[in-house]
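Below is one structure, written out as structure tokens, with a few remarks after it.
The values are calculated or read from the model by the stated rules, or taken from the named source; none is laboratory data. This is a predicted model, so every value here is computed, not measured. All Cβ positions, even for glycine, are placed from backbone atoms using ideal geometry, and neighbour counts span all protein chains on display.
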């Protein structure tokens, strides 16, 4: 009973802490010198024989102790205190053994490295080694065997201690399950109530005697110092419960509607404020008085236990009351974070208050029954009555709020009606299960389900409130338009979309952490021990072994941090090269882009190597993995490797560079980006063509801008045979020389190419400084040629074709005869 009361008190205390703010430290653990996976500084290359022997003897003692512990926890009649002591001892052994293992592992690795340097022993046909080398080999082999044997003993102790921890956890869960499945009389059986009520006067007399005796003892122990402590505690409690609460309530909005729509962040913030003032500050005030009475020495041990139960009862009632008032916000519809009417909000607060009262009274009566050693019948009646009242109040509240929450119970939180429908069904099923357990006589199970249903509802409300606060706060702080968002964007060179992505990642991580904390709180009463969760988290963070590999979340996080720092530094160096250093050199644009790209790839590779090294991975294993991957490369990754190597060749040799006008097959355009696998070409239609780098290296590529930007323009033109060729030549040369984009050297030329079928064919050749202007120059030439030829009456002929028809005479006769036959005779 005491363990359950302490567990529920811990749960409500944790809920109160969560209501104020998010956990600042999360699951951080304080590292010790014996953390697994962290070699100890100053360890010798091999431990002395005396130290190895002492560690081995210590491991043997652990084994004997753990063997006895396993036998002890399997016997009948072992108490919960004995199980807790066994678990604590096993966990201490695990911690000490891991510390010793972390000291021995570097010694074993060092000895093995020295033996590897000595190489294998010579065979029968090999020349013998020198005596000193043979002696050194024997000594190192013996040292390795001793150190390895000691390490195995220590690891065996760790495994055996972990088995003890699992056995204790399994035994406690089994006891918890058996305690819930104890069957008593049904609540429909009058004997249940009669037996319990008959013993109530005995409990009342015991409680009266306890108070009378405790008061007499307190009066006899009273002195000035204890009276002063209690008086100061009451004054502090009044200050916290009245004046501090009144001051904080000033920040809450007044009763009535708001003039404008209230942002959701302000609604959630007010809910937290009301929860603190109405739910947490009273608990803090009462805690001050409780601690003063507990440390004053005036109370007897039994009254101290009663005092502890009273504090747990008041804390649970106050917290649930403040939580309901904060979320439902009665008489303040504009500040209400959930979609409820005023009547529904008032009904919800009233129902939660009654449920909290029943829960608090039931918890305190359970403590009183334990202290007074009340008959079991009284405890059974108390549990049955508490479970019945809680289930009835929950059913009544669900029935009255069904219409109000039919659509979206948490509309402003983005909850869908489907989620509310499933929650509604789960709560109804749990309520029916409580009634069914009470009717069938499983009173303990019904009482547990009722308390767990209230606890789960409180945890859900807290988690929902924190999730909303996280979402709204992160969105308000890390938006690109906010001050912090602008600072992050400018400081780290992140775009607006990058800042939004960072906000989403941060919000997601915090939300996952809150959900995990809520799940832990809900699962605690189901037989899960906080130490077990602690051990799991510690193992996950500081390392756990799978076979011969140690996986450490802390090392992985550290490696990720190193990788991120390396990538950020690489981006900074690339930016400095592209914007500051390279523009002040005489290098061309293509070579600058190649240097910047190669620096980026080198930085990424270096950052990856540093992060892998930080995790403690052996690069020889990475080399073996690369060797294994080479087999796959030989079968299916040839094209990827070919493109990768071709990309390096493109960056180093630079047959093409960014901005070049190239022609690849049927596609042509400007090179926009050369990456390690492919090259992006933007066509003149503004389409993007992705060309594998191997096609650019092994195929035929026309580059208009490989060595320089100069290009040649060719205009073929035909004139009539009656035109003067010399006049045509002069006009064409005059047009070319007069264009501003045409170079004077090489000078334009006109060539008489051929006597065509219907024209004299000339070609105009002109050179321009920028080949990108070739299309414009060709168009200008053609406009000017047509204009000047018309002014000079020079005809540009088009092809003439004569059609010869055979048997034209017979065709004419046939046409004439048909026309005569169709004429009508005159009347």
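Remarks
One line per residue, one yes/no per condition, for (1) under 25 Å from residue 772 (Cβ atoms); (2) touching a residue at least 60 places away in the same chain (Cβ under 8 Å); (3) part of a loop (DSSP other than H, G, I, E, B); (4) outside the structural domain of residue 773 (by TED's automatic domain parsing):
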| residue | (1), (2), (3), (4) |
| --- | --- |
| 639 | no, no, no, yes |
| 643 | no, no, no, yes |
| 655 | yes, no, yes, yes |
| 671 | yes, no, no, yes |
| 696 | yes, no, no, yes |
| 702 | yes, no, no, yes |
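- Just one of (1) over 30 Å from residue 473 (Cβ atoms); (2) surrounded by 12 or more Cβ atoms within 10 Å (Cβ to Cβ) fails for residue 174. It is (2).
The rows are residues; the columns are (1) at pLDDT 90 or above; (2) not in a helix (DSSP H, G or I).
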| residue | (1), (2) |
| --- | --- |
| 348 | no, no |
| 354 | yes, no |
| 362 | no, no |
| 366 | no, no |
| 371 | no, no |
| 374 | no, yes |
| 378 | no, no |
| 382 | no, no |
| 389 | yes, no |
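- Set 715, 676: member being out of contact with any strand residue (DSSP E or B) (no Cβ under 9 Å at 6 or more places or on another chain) and surrounded by 15 or more Cβ atoms within 10 Å (Cβ to Cβ): 676
- Considering segment 744-788, and only residues there that are in a helix (DSSP H, G or I) and touching a helix residue (DSSP H, G or I) at 6+ places or on another chain (Cβ under 7 Å), the residue that is nearest to residue 711 (Cα to Cα) turns out to be 781.
- Remark: pairs (first residue in segment 209-233, over 24 Å from residue 374 (Cα atoms); second residue in a helix (DSSP H, G or I); Cβ separation under 7 Å; 6+ apart in sequence or on different chains) = 229/292; 230/292; 230/293; 233/288; 233/289; 233/292.
- Inspection of segment 68-75 identifies at least one residue that is assigned by TED's automatic domain parsing to the domain that holds residue 175, on the phi < 0 side of the Ramachandran plot and modelled with pLDDT under 80.
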